[in-house]
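These notes concern the structure reproduced below.
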Amino acid sequence: MATGVGNGSGPSTNDALQSILAAARPFLRGDLAAVDPELPSLVSVLVSAGAGECYHKHGTFLAHLLDVYRILRLWGAPDAVARCGLFHSSYSNSYVNLAIFEPDLRHMEEGSTKTTADEQDAGLELRIPPVFDRCSKVLDPGEQIAARDLYWEAICSDGKEGAESLLRRCIAKNPYVGEPWLVLAQVLLNGGGRWEEAEAAAAEGLRLVLEWGSSWDKRMSWEGWVSWGRVMRDKAKEKQWPRSAWGIINLGLVKHIHDD
């Protein structure tokens, strides 16, 4: 049965984050069988075909296929749709030469990707991804580009006050991705004393990154952003934050993992 992060929007409550983390936890732990009992064997087929040795975009083809599968599952897509996402482009692709299987070679039993749409044409529930406020908002391309540029300017900025202003302007233009919120949380923590603001920013960024199921800022993996967001949220709750570069490098432990 497909499970997703739900259709959350607005302020990130602790209960909402617990629900999202529960859905994401098998992916964070690499527990493929907990997501779908058939998933380990399906992934092994891709591995044996060399998907992990083929290049795609900023990583491997296997990583891309697993990312697509994770996004679909976290968005609540049915098992059949998620499995199709796992194998998409592996049989044919008009954009990149990554057809690692022959068209007549099947790796899923007939009917394993069959959906209720094959038997029913009424009363179906439309799965709405949680992103963009449950797909109710449209982000103007110009605003998206402006937000990206403000974000990168903040990343490269030396001034703490300037970075905060840039990040808030970035978020105002594109509030639908999590990384600007997470970087803002770190800026607030570095400044000291603004624990509640930092916790709220970390929680909102964490929620958004989890809902996307993929990182917007590709400098760090989705799992890395999730872990860093949880670390910052924990430290903001504790009202503690290191005052040296070494102290920040030393951070990493996510506390109360089983309580989230």
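Worth a mention:
- The set of residues in the range 85-99 that are closer than 13 Å to residue 39 by Cβ and either touching a helix residue (DSSP H, G or I) at 6+ places or on another chain (Cβ under 6 Å) or surrounded by fewer than 20 Cβ atoms within 10 Å (Cβ to Cβ) (or both) comprises 85, 86.
- Single condition residue 215 does not satisfy, out of (1) surrounded by fewer than 16 Cβ atoms within 10 Å (Cβ to Cβ); (2) hydroxyl-bearing (Ser, Thr, Tyr); (3) touching a helix residue (DSSP H, G or I) at 6+ places or on another chain (Cβ under 8 Å): (1)
- Filter result for residue 225 (assigned to a loop (DSSP other than H, G, I, E, B), surrounded by 14 or more Cβ atoms within 10 Å (Cβ to Cβ) and out of contact with any His (no Cβ under 9 Å at 6 or more places or on another chain)): no
- Residue among 63, 51, 24, 82 that alone is within 16 Å of residue 215 (Cβ to Cβ) and crowded, with 21+ Cβ neighbours inside 10 Å: 24
- Pairs meeting the criteria (first residue in the range 125-151 and in contact (Cβ under 8 Å) with a residue 40 or more places away in the chain and at negative phi, second residue outside any loop (DSSP other than H, G, I, E, B) and of a type in the set (D, E, K, R), beta carbons under 7 Å, at least 6 apart or on different chains) are 128/134; 130/211; 131/211.
- Which listed residue, of 229, 178, 205, is at pLDDT 95 or above and touching a Pro at 6+ places or on another chain (Cβ under 8 Å): 205
- Scan of the range 57-99 for residues that are outside any helix (DSSP H, G or I) and among the basic types (Lys, Arg), ordered by number: 57
The values are calculated or read from the model by the stated rules, or taken from the named source; none is laboratory data. Computed from a predicted model, the values in this text were never measured in an experiment. Here Cβ is always computed from backbone atoms with ideal geometry, including for glycine, and neighbour counts include all displayed protein chains.
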